[in-house]
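Okay, structure first, notes after.
Bear in mind that the values in this text are calculations on the coordinates, not laboratory data. A quick note: this is a predicted structure, and the numbers were derived from the prediction, not measured. We place every Cβ from the backbone using ideal geometry, glycine too, and count neighbours over all the protein chains shown.
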Amino acid sequence: MKNYFEKEYFDAAFAAIPASWREFAPTVGVILGSGWGQTLLDKPYAASIPYASIPGYGASTVVGHAGEMRLIDTGRSRVIAFCGRRHFYEGEGWGPVVMPIELMRRLGVRSVLLTNAAGAVNPALNPGDMLVIRDHVNTTGRNPLQGPVFPGWGTRFPDQSEVYSKELGDRMQMVAKRLGIRLPDGIYAFTSGPCFETPAEIRAYGIWGVDAVGMSTVPEAIVANAIGMKIVAMSCITNMAAGIAGQRLCHEEVLEATAAAAPRMGALVAAAMDEVF
Ligand code: HPA
């Protein structure tokens, strides 16, 4: 497995996207992580493609991830939505993980909403809470930009002073407030997974100022930021992180918590598409 990309890898994937998708010209991209995919299930869409039919992308191997991209015209935005994501821990390298961002770039998307499920490191958060990610900590020492500079992905050393758009994050919170949904700021730590963290790791992340921890989102944000896209990201808290509440962690608990939060997640995703970008 190569840990960097050749242009042909994405060329082959992009060639599998019908010309009508280019003509649709989406301007907003949405990646829906664990549990968030259900927020679009009842929304009408113009077209869909399963990830499995895109070379180099492949079906998500994670329960709860649909693995389908959809075009949605909300009347206010033309959106490409990725329902389900590929993760680094699935073991196929960065290619499938950052595939949605490169497909978006080639389609002309300039703004992206990233969503995930996360464990709460900050004890003031509770399962079912949502937060706007204002910054991140990459705990992995791995980075999808490692390797030769990829054409179209900015410079060798991209600035990361404002990965998550302050302006769009503020707007997201204003809209949430109007909808009566609590949406505090948060710092998100990315771990490679697939193990949940140890209590010692969670204590360390807490000292670093981390509010929530998860196994996704940061790779896509790193690439989208290098490209120059505007990014809004949100987490749904599904559990207290290891050692915080003393209970054992499991994926079923993650899925249950997102099911309970689904109506609020749906309202936020819809509002993001229509009012934030
Ligand atoms: N840790 C890492 N990833 C997660 C968690 C967690 O506690 N909950 C949901 N995704």
Percentage relative contact order, the chain, counting C-alpha pairs under 8 Å, at least six apart: 26 percent
For Ala117, distant residues with modelled amide H under 5 Å away: Ser34, Cys236
Rounded to whole Å, sorted largest first: equivalent-ellipsoid semi-axes of segment 70-171, Cα gyration tensor: 23, 21, 16
Distance-filtered residues of segment 129-151 - backbone nitrogen under 16 Å, label point 7 angstrom along Ala267 Cα→Cβ: 129-132
Fraction of antiparallel bridges per DSSP, the chain only, in percent to nearest 5: 35 percent
Amide H contacts of Ala66 (H built 1.01 Å from N, under 5 Å, at least 5 apart or other chain): Gly84
Rg(Cα)/(2.2 N^0.38 Å) for the chain, N = residue count: 0.93
Non-local Lys pairs in the chain, i.e. 8 or more apart or on different chains, that have alpha carbons under 30 Å apart: 8
Label-point gap, in nm, between Gln146 and Ile49 - each point 7 angstrom along Cα→Cβ: 2.9 nm
Summed side-chain charge close to Gly67 - residues other than Gly67 whose Cβ falls under 12 Å, Lys, Arg +1, Asp, Glu -1: +1
Rg followed by Dmax, in Å, when segment 221-269 is reduced to its Cα trace: 14.7, 41
Against the rule of thumb 2.2 N^0.38 Å, how large the Cα Rg of segment 137-277 comes out: 1.14
Long-range HN-HN contacts of Asp129 with modeled amide H, under 5 Å: Ile237
Ellipticity estimate at 222 nm from DSSP helix runs (n ≥ 4, -39,500 (n - 2.57)) divided over the chain, nearest 500: -9000 deg cm²/dmol
Under Karplus coefficients 6.51, -1.76 and 1.60, residue-wise ³J(HN,Hα) of segment 71-88 in Hz, glycine/proline x: 9, 10, 9, 7, x, 9, 9, 9, 10, 10, 10, 9, 8, x, 10, 8, 10, 4
